[in-house]
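Undergrad: Okay, here's the structure, questions in a sec.
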Amino acid sequence: MAEKIKADIYMAYLDQILAGKENIEPVDDVEIEKLLLLSKTMIAADLSVNIKLSESLSKELLAKVIKKTNLCMLSRNNDELNEEALEHVAGGFAGQVGEQKDICPCCGSRSTKSDGKCPFCSH
Amino acid sequence: MTMLTQAEETLLIARANDDDSAFAELYNYYLPRVYNYVHYRVTDFHICDDLTSQIFEKLFSRLKYYQAGKAAFSAWLFSIARNTIADYYRSQARTRCTSLEITADITNFELDPSDIVTYNETQQHLIKALASLTQRERDIIALKFWSGSSNKDIAILVGISESNTAVILFRAMRRLRIILESQGMSIYG
């Protein structure tokens, strides 16, 4: 029998097994029959049985997922400042602007400008 | 495991966005399938635990972007799982300087003593045999057995035609059977 035909027959039977169908028609081809037995063995050998037995691992994984995701959300929320924090930042910035009034934008001199002109470059 | 109907699943997904208990329910429903999928792809069970956790973290943070009309939820979830594993193997390949995507990841693989305690004899044989297959073969077997995705979805995920999926799966299972038999494992009762 051609490989492609065998593959299609195997797939059709496997779909029935995966769907939980119990009474499956007998298979004529020996190789396909062996592969279907292997498939049933693999399903029965469910590797997650170990995590079902060890409930703590499952809970640990879930707790880790939720904790990590909540931390991400918390840090995202921290980017959005509340009013108090905004005032604090604005206050700091206002102070900086105030200080910058005394700095000449032309030469960078920090001298006090009594008449509005820089004593060094007259800007 | 109780199977959810399409409507129940849709409702659960919608609730899981804002409700931790609904997410826990979704998590418990999909955990065995995702865990098996990852373990078929990655042999070490410590890494498997870690990757499973990463997949659910991604699921939780991206759940609001899921669009039911575009893909089945399981296809969407398992595309996250595939990408997480691909990232893992990419990072491994960078350190080992070999492409693990196209070759079997561990040759002459032996289980760690702690794994031997964890798994029964059949599981040990299976994990050892899977390690001898290529990543593509393991991917297709894992998707077919554990993702619950249709053959069409599997073909789209892997990037091959639907008929090719059947042939590759058939060949991979044939190889797996030969490897298991060479290990002395009897699968015929």
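The values are calculated or read from the model by the stated rules, or taken from the named source; none is laboratory data. What you see is a predicted model; the values in this text were computed from it and never measured. All Cβ positions, even for glycine, are placed from backbone atoms using ideal geometry, and neighbour counts span all protein chains on display.
Undergrad: How about the stretch B:33-47: which of its residues are at pLDDT 90 or above and not β-branched (Val, Ile, Thr)?
TA: Within the stretch B:33-47, B:ARG33, B:TYR35, B:ASN36, B:TYR37, B:HIS39, B:TYR40, B:ARG41 meet the criteria.
Undergrad: Collect the residues in the stretch B:28-79 that are more than 13 Å from every other protein chain (Cβ to nearest Cβ) and closer than 18 Å to B:VAL158 by Cα, keeping them in residue-number order. Let's see the steps before the verdict.
TA: Restricting attention to the stretch B:28-79, the residues satisfying the condition of being more than 13 Å from every other protein chain (Cβ to nearest Cβ) are B:47, B:65-73, B:75-79.
Correct list: B:LYS70, B:ALA71, B:ALA72, B:PHE73, B:ALA75, B:TRP76, B:LEU77, B:PHE78, B:SER79.
Undergrad: Go through the stretch B:162-189 and give me each residue that's part of a helix (DSSP H, G or I), without any contact (Cβ under 8 Å) to a residue 12 or more places away in the chain and more than 8 Å from every other protein chain (Cβ to nearest Cβ).
TA: Answer for the stretch B:162-189, where residues must be part of a helix (DSSP H, G or I), without any contact (Cβ under 8 Å) to a residue 12 or more places away in the chain and more than 8 Å from every other protein chain (Cβ to nearest Cβ): B:GLU162, B:ASN164, B:ILE178, B:GLU181, B:SER182.
Undergrad: Of the residues A:LYS40, A:LYS68, A:LYS64, A:LYS59, only one is at the interface with chain B (Cβ under 10 Å from one of its Cβ atoms), at pLDDT below 70 and surrounded by 10 or more Cβ atoms within 10 Å (Cβ to Cβ); which? So that I can check it myself, show each step before the final result.
TA: Details: A:LYS40 fails: at pLDDT below 70; A:LYS64 fails: at pLDDT below 70; A:LYS59 fails: at pLDDT below 70.
Testing whether each residue is at the interface with chain B (Cβ under 10 Å from one of its Cβ atoms), at pLDDT below 70 and surrounded by 10 or more Cβ atoms within 10 Å (Cβ to Cβ) leaves just A:LYS68.
Undergrad: How many of the residues in the stretch B:133-161 are part of a helix (DSSP H, G or I) and over 17 Å from B:ALA72 (Cα atoms)?
TA: Keep residues of the stretch B:133-161 that are part of a helix (DSSP H, G or I), which gives B:135-147, B:151-158.
Then keep just the ones that are over 17 Å from B:ALA72 (Cα atoms); that gives B:135-142.
Looking only at that region, the number is 8.
Undergrad: Also, quick follow-up: How do the helices (runs of 4 or more DSSP H) wholly within the stretch B:1-64 filter down when requiring 2 or more residues that are surrounded by 20 or more Cβ atoms within 10 Å (Cβ to Cβ) and basic (Lys, Arg): which remain?
TA: On the way: elements: B:6-16, B:20-41, B:45-62.
Of the helices (runs of 4 or more DSSP H) lying wholly inside the stretch B:1-64, those with at least 2 residues that are surrounded by 20 or more Cβ atoms within 10 Å (Cβ to Cβ) and basic (Lys, Arg) span B:20-41.
Undergrad: While we're here: Taking the stretch B:116-144, which residues are more than 9 Å from chain A (Cβ to nearest Cβ) and of a type in the set (A, V, I, L, M)?
TA: B:ILE116, B:VAL117, B:ALA129, B:LEU130, B:ALA131, B:LEU133, B:ILE140, B:ALA142, B:LEU143 - these are the residues of the stretch B:116-144 that are more than 9 Å from chain A (Cβ to nearest Cβ) and of a type in the set (A, V, I, L, M).
Undergrad: Just wondering, is there one or more residues in the stretch B:18-26 that are under 20 Å from B:PHE145 (Cα atoms) and within 20 Å of the chain's Cα centre (by Cα)?
TA: yes
Undergrad: Anything in the stretch A:18-30 that is facing another protein chain (nearest Cβ under 10 Å) and either touching a strand residue (DSSP E or B) at 6+ places or on another chain (Cβ under 7 Å) or assigned to a helix (DSSP H, G or I) (or both)? List them, or say none.
TA: Passing the criteria: only A:LEU18.
Undergrad: Let me spell it out: the conditions are (1) of a type in the set (S, T, N, Q); (2) at the interface with chain A (Cβ under 8 Å from one of its Cβ atoms); (3) crowded, with 17+ Cβ neighbours inside 10 Å, and B:SER147 meets all of them except one. Which number is the exception?
TA: The one condition B:SER147 does not meet is (2).
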